[in-house]
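Data block below; observations after.
Read-outs throughout are calculated quantities, based only on the coordinates presented, and are distinct from any laboratory measurement. Just so you know, these numbers come straight off a predicted model, no measurement behind them. Heads up, the Cβs are rebuilt from the backbone with ideal geometry, glycines too, and the neighbour counts pull from every protein chain shown.
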Amino acid sequence: MTEYCINDSKKILEKMNNKYNPQISIKRVSFNNRNSKAEPLEEEIKILKALDLIQKSDAYEPEQIVQLISDSKYKVYSPIQMNSRDCKKCHGLENKVNKESQKRFFEVYKNKKGFGHKSGDIRGAVVVTISK
C-alpha cells in the first residue's frame with residue numbers, strides 16, 4: 001500500500017496531466033501533506049480552511065467546490081475523505097499505522113506528516129485547474 005501512495009498515485013496524476021495539458025491540471029493538496037513539492041497555493045489554502053470549517057461545524061460536506069480564479073481559469077476541489085481502510089493504512093492515527101510503512105514514508109519524504117486522520121476526516125482535496 002505504501003508504494004501506491006508514494007509512486008503509483010503520482011504516476012496516475014502525471015499521466016492525466018500529460019494527456020490534458022495545458023488546459024487542465026490535476027493535483028492533491030493538504031495541510032498535512034508529506035510531499036514538500038505539493039504545498040497548497042494561497043487560493044487553495046482558503047478552500048482547505050473552508051473544508052476544515054465545514055467539517056468541524058458538522059455541516060453538509062459538498063462533493064465539490066468551484067473557485068473562480070480569473071475570467072479564463074477556475075479550480076474544482078473534490079474533498080478527500082478518510083472513508084476506507086486502505087486510506088487509514090497510510091494516513092490513519094500514527095500509533096495504528098504499520099511501523100514499516102512509517103519507516104518507508106520517512107525514507108522518501110524526510111518528515112512525519114500525513115498521519116493522524118480518522119474515519120470521516122477530510123484529509124485534503126483533489127484540485128482540477130481548468131484554463132480556457
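Run the quick spin-label model on LYS10 and LYS132: label points 7 Å from Cα toward the beta carbon, then report their separation in nm to one decimal.
Once both label points are built, they end up 3.5 nm from each other.
Step through the table entries LYS27/LYS99; LYS49/LYS75; LYS88/LYS113; LYS19/LYS132; LYS49/LYS99; LYS46/LYS88, compare each Cα-Cα distance with 21 Å, and write down the pairs that go over it.
LYS27/LYS99; LYS49/LYS99; LYS46/LYS88
For the chain, what is the relative contact order in percent, using Cα pairs closer than 8 Å and at least 6 residues apart in sequence?
Worked out over the chain, it gives 36 percent.
Just to be sure I follow: if Rg is taken over the C-alpha atoms of the range 41-132 and Rh is the Kirkwood radius over the same atoms, what is Rg/Rh?
Checking Rg against Rh, the ratio lands at 1.05.
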